[in-house]
Amino acid sequence: METQSPDTILDALKWRYATKVFDPAKKIPADQWAALEESLVLTPSSFGLQPWEFVIVEDAGIREQLVSHSWNQRQVADASHLLVIALRTDVDEAYVDHFVKRVEEVRGEPGFSGYRDMMVGFINQLDAEGVKQWGKLQTYIALGQFMTVAAMMGIDACPMEGFVAAKYDEILGFAEKNLTTAVLCPAGYRSEEDKYASLPKVRFEQDGMISRI
């Protein structure tokens, strides 16, 4: 594996910001978007259970419809691509069995009953809201990985929690798919008119954010 230098990685992270205005005329090339999609699939998760689905909203009309349910933030319509990270609402014993079957298929061997029982035990000790909260935390791992990979590729992104999940679920038909909207991330290229692109990044000093014990 070819590694990136620390300076290259930090430069990309310093360059990225939560893009407020996208240039709707600039589109992410298909090969680069394909890499971003694969990076989502490769996201780590607790137990490896992947309690999500990554929904790419391509229909321009639907994206315009979603603007009013996104606090009127134009990023969802103007960005090259709109990623909706949806949480699965059916993570139960049957879902665990589905995952274990995939493990056996990929690794070419049976014998994961202990692993299966551990996962089922974890799920069963939580109520429905607990499973939902656990799963939603997992979706932010995918969000962070997506934004980091995008930055390394020179692609802008904007993590968004400012939306009405119930309306997204309704418009995107999520209920019948056992999904609910967790977080959004429009991606594309910043507009030259976005004043936030040139502002210095505001973070607390490193000495106040990192401690050693």
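The values are calculated or read from the model by the stated rules, or taken from the named source; none is laboratory data. The structure displayed is predicted, hence computed values, not measured ones. So basically every Cβ, Gly included, is an ideal-geometry build from the backbone, and we count neighbours across all protein chains shown.
When SER70, SER39 are screened for being closer than 16 Å to ALA157 by Cβ, small (Gly, Ala, Ser), out of contact with any Ser or Thr (no Cβ under 6 Å at 6 or more places or on another chain) and crowded, with 19+ Cβ neighbours inside 10 Å, only SER70 passes. Residue pairs whose Cβ atoms lie under 7 Å apart, sitting 6 or more positions apart in sequence or on different chains, and linking a residue in the stretch 129-154 that is farther than 16 Å from LEU40 by Cβ to a partner that is exposed (fewer than 14 other Cβ atoms within 10 Å of the Cβ) and small (Gly, Ala, Ser), do not occur here. For GLY162, the criteria (1) small (Gly, Ala, Ser); (2) touching a residue at least 60 places away in the same chain (Cβ under 8 Å); (3) surrounded by fewer than 19 Cβ atoms within 10 Å (Cβ to Cβ); (4) in a helix (DSSP H, G or I) hold in every case but one, which is (4).
Checked against the criterion of being modelled with pLDDT of 95 or more and closer than 13 Å to THR89 by Cβ, the candidates ALA150, ALA142, ALA165 yield just one match: ALA165. Consider the stretch 87-108 and keep the residues that are under 24 Å from the mean Cα position of the chain (by Cα) and not in a helix (DSSP H, G or I). The one that is nearest to GLU129 (Cα to Cα) is THR89. Take the conditions more than 15 Å from the chain's Cα centre (by Cα), buried (at least 18 other Cβ atoms within 10 Å of the Cβ), under 22 Å from VAL21 (Cα atoms) and at pLDDT 95 or above and apply them to SER198. Does it pass? When the stated conditions are applied, SER198 does not pass them.
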